[in-house]
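Notes for the one structure printed next.
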Amino acid sequence: MAQILAPSTQWQMRMTKNPANASPFTTKMWGSLFLKQKTKGTAKFSTKFRVCASKSESSTVNRLDDLLNMDIRPYTDKIIAEYVWIGGTGIDLRSKSRTISKPVEHPSELPKWNYDGSSTGQAPGEDSEVILYPQAIFKDPFRGGNNILVICDSYTPAGEPIPTNKRHRAAEIFGNKKVIDEVPWFGIEQEYTLLQPNVKWPLGWPVGAYPGPQGPYYCAAGADKSFGRDISDAHYKACLYAGINISGTNGEVMPGQWEYQVGPSVGIEAGDHIWCSRYILERITEQAGVVLTLDPKPIEGDWNGAGCHTNYSTKSMREDGGYELIKKAILNLSLRHKEHISAYGEGNERRLTGKHETANINTFSWGVANRGCSVRVGRDTEKQGKGYLEDRRPASNMDPYIVTSLLAETTILWEPTLEAEALAAQKLALKV
């Protein structure tokens, strides 16, 4: 992220009121995407919502549009709540809808629900019921009105968190008084890659072949350099509508790859906002007929991978003299490097090679303004003597609940032995 500012009040996880003129994302808003797909010589993508050729088909689509975009508020107080949860792989997202009798402002007003865990790889068939606990709510950019998206975590009927529920442990860490007092801020840079359907090859690339080498694509404009901008922009606006604390977006180094930033966010809010933003991105790519991947190295060879750099600070780091505490945090991170790497995403060894703006996965390093290090400190932080650090190790498919809580645990709650601390400080040339 370019700059850490101040967190939003959304971290309290209360719904903001819908402005009277707010409108959801409609199927008609995808016109530019579909028209491009119909252009002669371009790849044809399969999608639910087509620009149809015949008059009768066009009429059918228009009638569907009318129903999908209908504002039900004049007719009923009821709303639609889309319950969203993390599936059995730990990275897939699942959801289903239910009717709620009236608008709500806080997740505590919502009922628990259940789903078939045997169909998501989270429970055996003979005891398949998994319980959803509503934890955070966001405005639904697809249905509009008072309808909501509900981020949930999953439990057994006895109230025990299931193995893929990483939010529960994160909430315990963020609920620790020492952590609360330090008001941890996170700014997360989520990279992702867009793929052509069926062939699973990056958007904008010739099928079975490669574009020109990296260089012209980062933050670029032009039909021969930027692929998928409509999706990135639609996602940006949808997140703002939903109440997600999205702070920016840009095209990435590899063509067909994009990044958006969420934060600064306080504590557990960071994970809730990233997961909801990922769900919205999945829905948008679904409607656009494009495949989303969070693979940390989708294309082998001389191409950048996809990460989820995590900017982090505590109250003490942001105050005068905070640079010394940042260096102490880096020291702790170096001593728990293996624990962090094992929790920072699957397939990360294919990305963290020491090339393409990464550090080697087996070696911890840090530096000022050095994007080839495990942890980077910005020039402004060094100059001002306070600020934040950037952990560049997390992969694009990391679980934000794990990464954010582990950073807080290692830098606030965990204390190394004096001997280990002294040896690490000498190795890293850190004067703490």
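Structure notes:
- Residues satisfying the criterion are present in the stretch 70-84 (criterion: closer than 25 Å to residue 287 by Cα, open to solvent by less than 60 Å² (accessible area, probe 1.4 Å), at pLDDT below 95 and out of contact with any Phe, Trp or Tyr (no Cβ under 7 Å at 6 or more places or on another chain)).
- Taking the criterion of being in contact with a strand residue (DSSP E or B) (Cβ under 6 Å, 6 or more places away or on another chain) and among the charged types (D, E, K, R), the residues of the stretch 71-95 that qualify are 78, 82, 94.
- Looking only at the stretch 235-245, residues that are surrounded by 22 or more Cβ atoms within 10 Å (Cβ to Cβ) and either polar (S, T, N, Q) or within 30 Å of residue 215 (Cβ to Cβ) (or both) come to 3 in all.
- The number of residues in the stretch 145-156 being assigned to a loop (DSSP other than H, G, I, E, B) and either touching a residue at least 40 places away in the same chain (Cβ under 8 Å) or more than 17 Å from residue 120 (Cα to Cα) (or both) comes to 3.
- Any chance residue 188 is of a type in the set (A, V, I, L, M, F, W, C) and open to solvent by 50 Å² or more (accessible area, probe 1.4 Å): no
- Failed item in (1) in contact with a Phe, Trp or Tyr (Cβ under 7 Å, 6 or more places away or on another chain); (2) farther than 27 Å from residue 366 by Cβ, with residue 310 passing the rest: (2)
- For the stretch 161-216, a residue qualifies if it is of a type in the set (Asp, Glu) and more than 16 Å from residue 404 (Cβ to Cβ), and the qualifying residues are 181, 191.
- Search result, residues across the stretch 114-144 that are buried (at least 19 other Cβ atoms within 10 Å of the Cβ) and outside any strand (DSSP E or B): 117, 120, 122, 123, 140, 141, 142, 143, 144
- Residue within the stretch 211-229 that is within 20 Å of residue 276 (Cα to Cα) and among the aromatic types (Phe, Trp, Tyr) present: no
- Every test in (1) touching a helix residue (DSSP H, G or I) at 6+ places or on another chain (Cβ under 6 Å); (2) within 25 Å of residue 197 (Cβ to Cβ); (3) not aromatic (Phe, Trp, Tyr) is passed by residue 245 save one, and that test is (2).
Per-residue answers, yes or no, for (1) hydroxyl-bearing (Ser, Thr, Tyr); (2) assigned to a strand (DSSP E or B); (3) open to solvent by less than 60 Å² (accessible area, probe 1.4 Å):
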position: 172; (1), (2), (3): no, no, no
position: 207; (1), (2), (3): no, no, no
position: 213; (1), (2), (3): no, no, no
position: 222; (1), (2), (3): no, no, yes
position: 233; (1), (2), (3): no, no, no
position: 250; (1), (2), (3): no, yes, yes
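- Scanning the stretch 395-432 for residues that are within 24 Å of residue 349 (Cα to Cα), of a type in the set (S, T, N, Q) and part of a loop (DSSP other than H, G, I, E, B), we see that the one that is most open to solvent (accessible area, probe 1.4 Å) is 397.
- Pair list, Cβ < 7 Å and 6+ apart or interchain, from the stretch 404-419 residues that are farther than 12 Å from residue 335 by Cα to residues that are open to solvent by 30 Å² or more (accessible area, probe 1.4 Å): 405/169; 412/178; 412/182; 413/176; 413/178
- Boolean, residue 139 is assigned by the TED database to the domain that holds residue 344 and modelled with pLDDT of 95 or more: no
- Checked against (1) among the aliphatic types (A, V, I, L, M); (2) at positive phi; (3) at pLDDT below 95, residue 183 passes all but a single condition, namely (3).
- Among the residues of the stretch 77-107, those identified as touching a residue at least 60 places away in the same chain (Cβ under 8 Å), among the small types (Gly, Ala, Ser) and assigned to a strand (DSSP E or B) are 81, 95.
- Among residues of the stretch 146-170 being open to solvent by less than 10 Å² (accessible area, probe 1.4 Å) and small (Gly, Ala, Ser), the one that is nearest to residue 118 (Cα to Cα) is 154.
- Selected residue [touching a helix residue (DSSP H, G or I) at 6+ places or on another chain (Cβ under 8 Å), outside any helix (DSSP H, G or I), open to solvent by less than 10 Å² (accessible area, probe 1.4 Å) and touching a residue at least 24 places away in the same chain (Cβ under 8 Å)] from 263, 271: 263
The values are calculated or read from the model by the stated rules, or taken from the named source; none is laboratory data. These figures come from a predicted structure and were not determined experimentally. Neighbour counts run over all protein chains shown; Cβ positions are idealised from the backbone, glycine included. SASA here: full protein model, heavy atoms, side chains in, ligands and nucleic acids out. Shrake-Rupley method; radii C 1.70, N 1.55, O 1.52, S 1.80 Å.
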